[in-house]
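A.B. asks: First the structure, which I've put down as structure tokens, then a few questions once you've had a look.
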Amino acid sequence: MSEMIQAENLTFRYTDFSHTTHLALDGVNLTIPYGQFAAILGRNGSGKSTFAKNCNAIALPSGGRVLVDGIDTMQPDRIWDIRRACSMVFQNPDNQIVATVVEEDVAFGLENMGVPPKEIRRRVNEALRMVGMYEYRMHAPHLLSGGQKQRVAIAGVLAMEPKCIVLDEPTAMLDPRGRADVMHVLHRLHEEKGITIVLITHHMDEAVQAQRVAVLASGHLILDGTPREIFVQTEKLHSLGLTAPQSVQLLEALNRQAHAGLETDALTVEECTDRLEAWLKGGRT
Ligand code: ADP
Ligand code: MG
């Protein structure tokens, strides 16, 4: 059986105007099964966006190969099948909005695909309900908040009924409320619709919520595991320009300064308070 995304020994080289080449991805093996919620981390320039573009045939491998929904992205006649299976959402919602009314914006891709009007109406309404923007369907997108705009952009790709959505730092330009709303929508799409989510993010608290975390550094896949496996490796993360969640950092500080002897793999505030409570009660777990 095929996987949702299968990158095999993926290499990607940019060539600039002076013909100098830059190796942005160097032998990446990364398989994302159907239905997974995966997060991709890495400092700026590590190759995250280049990987995302290879998941949707916006960029094609210089070496190795990428299969999306079982289709090799090097097959030019299958490009629309690939893009229908795996859609992308980018960082800046303003660059993704094309219409002057929310529901027209969400319908845009479907109209281009020649979907019948009745089916367009059904899909647009459903997509807007899924992202919690149905009441705004007649609004002007440019007057919405960043988080609302990003949810409209997600509705636009959702209306195409993709199996997978790759989001390249979708919350980077949003305030905390907008970020939380977008994350809520992504979890809903994953849980209720079984959509595979590949979330590229700089926010550790978002990565903690994923089922799997992959870390890129200088075009290499450096770490790959569950959030719990990844986020206890604080020194390694630090050397890669990343941080562990604050809950882990707090427990580590207590171990260092108060020799608390605490297990540090607390990924959420609740887990952290449980550890602290047990420690304060004298049970040095
Ligand atoms: P990230 O998304 O992790 O910040 P990118 O995938 O955008 O990283 O970039 C990876 C590397 O490729 C970086 O070193 C970047 O400078 C380089 N790069 C990205 N886009 C281009 C381009 N259009 N031309 C040349 N080099 C590029
Ligand atoms: Mg990027």
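The values are calculated or read from the model by the stated rules, or taken from the named source; none is laboratory data. Because the structure is a prediction, the values reported are computed rather than measured. So basically every Cβ, Gly included, is an ideal-geometry build from the backbone, and we count neighbours across all protein chains shown. All accessible areas refer to the heavy atoms of the entire protein, side chains included, with ligands and DNA or RNA removed. Shrake-Rupley method; radii C 1.70, N 1.55, O 1.52, S 1.80 Å.
A.B. asks: Here is a list: Glu135, Glu161, Glu206. Which entry is part of a helix (DSSP H, G or I) and open to solvent by 10 Å² or more (accessible area, probe 1.4 Å)?
C.D. replies: Exactly one residue qualifies, and that residue is Glu135.
A.B. asks: Quick one: count up the residues across segment 51-74 that are in contact (Cβ under 8 Å) with a residue 60 or more places away in the chain and of a type in the set (Val, Ile, Thr).
C.D. replies: Total meeting the criteria: 2.
A.B. asks: Can you tell me which residue is nearest to ligand 1 (Cβ to nearest atom) among those in segment 223-233 that are surrounded by fewer than 22 Cβ atoms within 10 Å (Cβ to Cβ) and in contact (Cβ under 8 Å) with a residue 24 or more places away in the chain?
C.D. replies: Among those residues, the one meeting the criterion is Asp224.
A.B. asks: For segment 85-95, name all the residues that are open to solvent by less than 40 Å² (accessible area, probe 1.4 Å), under 11 Å from Leu167 (Cβ atoms) and not small (Gly, Ala, Ser).
C.D. replies: Once the filter is applied, which keeps residues that are open to solvent by less than 40 Å² (accessible area, probe 1.4 Å), under 11 Å from Leu167 (Cβ atoms) and not small (Gly, Ala, Ser), segment 85-95 yields Met88, Val89.
A.B. asks: Need the failing condition index for Gln211 against (1) in contact with a helix residue (DSSP H, G or I) (Cβ under 9 Å, 6 or more places away or on another chain); (2) surrounded by 16 or more Cβ atoms within 10 Å (Cβ to Cβ), just the number.
C.D. replies: The one condition Gln211 does not meet is (2).
A.B. asks: Here's a follow-up. Which residue pairs have Cβ atoms under 6 Å apart, sit 6 or more places apart or on different chains, and have a first residue in segment 195-216 that is over 14 Å from Thr171 (Cβ atoms) and a second that is assigned to a strand (DSSP E or B) and charged (D, E, K, R)?
C.D. replies: As it stands, the answer is Ala214/Asp224, since those pairs meet every condition given.
A.B. asks: I've got another one for you. Do we find that Glu271 is without any contact (Cβ under 8 Å) to a residue 12 or more places away in the chain and not small (Gly, Ala, Ser) in this structure?
C.D. replies: In short, no.
A.B. asks: Related question: For the list (1) surrounded by fewer than 18 Cβ atoms within 10 Å (Cβ to Cβ); (2) part of a helix (DSSP H, G or I); (3) touching a helix residue (DSSP H, G or I) at 6+ places or on another chain (Cβ under 7 Å); (4) small (Gly, Ala, Ser), I need the number of the one condition that Ser247 fails.
C.D. replies: Ser247 satisfies every listed condition except (1).
A.B. asks: Here are the criteria: (1) small (Gly, Ala, Ser); (2) part of a loop (DSSP other than H, G, I, E, B); (3) surrounded by fewer than 22 Cβ atoms within 10 Å (Cβ to Cβ); (4) more than 16 Å from ligand 1 (Cβ to nearest atom). Tell me which single one Gly178 does not satisfy.
C.D. replies: So Gly178 meets the others, but not (2).
A.B. asks: In segment 21-50, which residues are under 13 Å from Ala214 (Cα atoms), within 15 Å of ligand 1 (Cβ to nearest atom) and open to solvent by 50 Å² or more (accessible area, probe 1.4 Å)?
C.D. replies: Of everything in segment 21-50, just one residue is under 13 Å from Ala214 (Cα atoms), within 15 Å of ligand 1 (Cβ to nearest atom) and open to solvent by 50 Å² or more (accessible area, probe 1.4 Å), namely Arg43.
A.B. asks: Select from segment 269-285 the residues that are open to solvent by 50 Å² or more (accessible area, probe 1.4 Å) and either farther than 24 Å from Asp205 by Cα or in a loop (DSSP other than H, G, I, E, B) (or both) and list them in ascending order.
C.D. replies: Leu280, Lys281, Arg284, Thr285
A.B. asks: Among the residues of segment 26-44, which ones are within 15 Å of ligand 2 (Cβ to nearest atom) and under 14 Å from the mean Cα position of the chain (by Cα)?
C.D. replies: Once the filter is applied, which keeps residues that are within 15 Å of ligand 2 (Cβ to nearest atom) and under 14 Å from the mean Cα position of the chain (by Cα), segment 26-44 yields Ala39, Ile40, Leu41, Gly42.
A.B. asks: Shifting gears a bit: Quick one: is Thr11 touching a Pro at 6+ places or on another chain (Cβ under 8 Å) and either open to solvent by 70 Å² or more (accessible area, probe 1.4 Å) or not in a strand (DSSP E or B) (or both)?
C.D. replies: The answer is no for Thr11.
A.B. asks: Which number in (1) in contact with a Phe, Trp or Tyr (Cβ under 7 Å, 6 or more places away or on another chain); (2) within 16 Å of ligand 2 (Cβ to nearest atom); (3) hydrophobic (A, V, I, L, M, F, W, C) marks the one condition that Ile197 misses?
C.D. replies: Just one mismatch for Ile197, condition (2).
A.B. asks: Would you be able to say whether some residue in segment 65-84 is open to solvent by 50 Å² or more (accessible area, probe 1.4 Å) and within 16 Å of ligand 1 (Cβ to nearest atom)?
C.D. replies: Looking for residues that are open to solvent by 50 Å² or more (accessible area, probe 1.4 Å) and within 16 Å of ligand 1 (Cβ to nearest atom), one finds none in segment 65-84, hence no.
A.B. asks: Still on this structure: Does Leu60 satisfy the criteria of being in a strand (DSSP E or B) and either open to solvent by 10 Å² or more (accessible area, probe 1.4 Å) or within 16 Å of ligand 1 (Cβ to nearest atom) (or both)?
C.D. replies: Against the criterion (in a strand (DSSP E or B) and either open to solvent by 10 Å² or more (accessible area, probe 1.4 Å) or within 16 Å of ligand 1 (Cβ to nearest atom) (or both)), Leu60 does not qualify.
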